[in-house]
């Protein structure tokens, strides 16, 4: 319920006080992002003091990089709570800061490569590949995060570094190629060679999960939900490799039991 003593501003005055354009306010109104608190008898929009907080929220999320459609989804259907919304903004900005710090560390690594002279022994693009990988990984993680709790994400972020990411990617690429080779050769999943590959596969998974059973369980849920993956994200191995390694790991589990 509106406070009868709350001062209301017409659109142009509100826009001037808030530092936005009238056009932006009209656009936010059409999108349902910021509806005016009321209207004059002539039908002109009126904005209240609480609308400043709502507008600040929209502007902040837009500055961070969220498209207006997603901002509407984030804010939609929620009772207005200034403390909650400010806390949400802080958490989002902190996450963006963390991503920037990771990118900076990757750039620093590339700088060290150049200073060490390794630049002359590698293709020119190699020192920049890590930076691209860091940025792409963060973009992919934006939707992957929904499969994990806040506590699990905090654990994963604490353990991660560009150097560990590079090693993990190298280890996974090497292992997947070896599994592809044995699949092509018709190797039995129960063979000693296949079981050794299954052991390495499990160790790499444990390197990601840190041995946390909850993270491991949610990782399985992520891979079981491939129908809802974004079109830009794909597995790094074929279905044939997936079927083979699952069988080998199941036999590995039975053997250990």
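Okay, residues lined up against (1) touching a strand residue (DSSP E or B) at 6+ places or on another chain (Cβ under 9 Å); (2) surrounded by fewer than 16 Cβ atoms within 10 Å (Cβ to Cβ); (3) closer than 24 Å to residue 236 by Cα; (4) modelled with pLDDT of 75 or more:
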residue	(1), (2), (3), (4)
102	no, no, yes, no
114	no, yes, no, no
118	no, yes, no, no
123	no, yes, yes, no
161	no, yes, yes, no
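What about residue 197, is it assigned by TED's automatic domain parsing to the domain that holds residue 163, touching a residue at least 60 places away in the same chain (Cβ under 8 Å) and under 21 Å from residue 169 (Cβ atoms)? Judged against the criteria, residue 197 is not a match. Could you tell me whether residue 222 is surrounded by 12 or more Cβ atoms within 10 Å (Cβ to Cβ), at pLDDT 90 or above and in contact with a helix residue (DSSP H, G or I) (Cβ under 8 Å, 6 or more places away or on another chain)? Spelling it out, it is not the case that residue 222 is surrounded by 12 or more Cβ atoms within 10 Å (Cβ to Cβ), at pLDDT 90 or above and in contact with a helix residue (DSSP H, G or I) (Cβ under 8 Å, 6 or more places away or on another chain). Only residues that are at pLDDT 85 or above, surrounded by 10 or more Cβ atoms within 10 Å (Cβ to Cβ) and not in a loop (DSSP other than H, G, I, E, B) were counted across the range 225-242, and they come to 3. Number of residues in the range 164-194 that are part of a helix (DSSP H, G or I), closer than 19 Å to residue 248 by Cβ, without any contact (Cβ under 8 Å) to a residue 60 or more places away in the chain and in contact with a helix residue (DSSP H, G or I) (Cβ under 7 Å, 6 or more places away or on another chain): the value is 5.
Applying the criterion of being in a loop (DSSP other than H, G, I, E, B) and under 25 Å from residue 156 (Cα atoms) to the residues of the range 47-98, the residue that is modelled with the lowest pLDDT is 65.
In the condition set (1) touching a residue at least 24 places away in the same chain (Cβ under 8 Å); (2) closer than 23 Å to residue 76 by Cα; (3) surrounded by 14 or more Cβ atoms within 10 Å (Cβ to Cβ), residue 29 is compliant with all but (1).
The values are calculated or read from the model by the stated rules, or taken from the named source; none is laboratory data. The structure displayed is predicted, hence computed values, not measured ones. In this analysis, Cβ positions are derived from the backbone assuming ideal geometry, glycine residues included, and neighbour counts consider all displayed protein chains.
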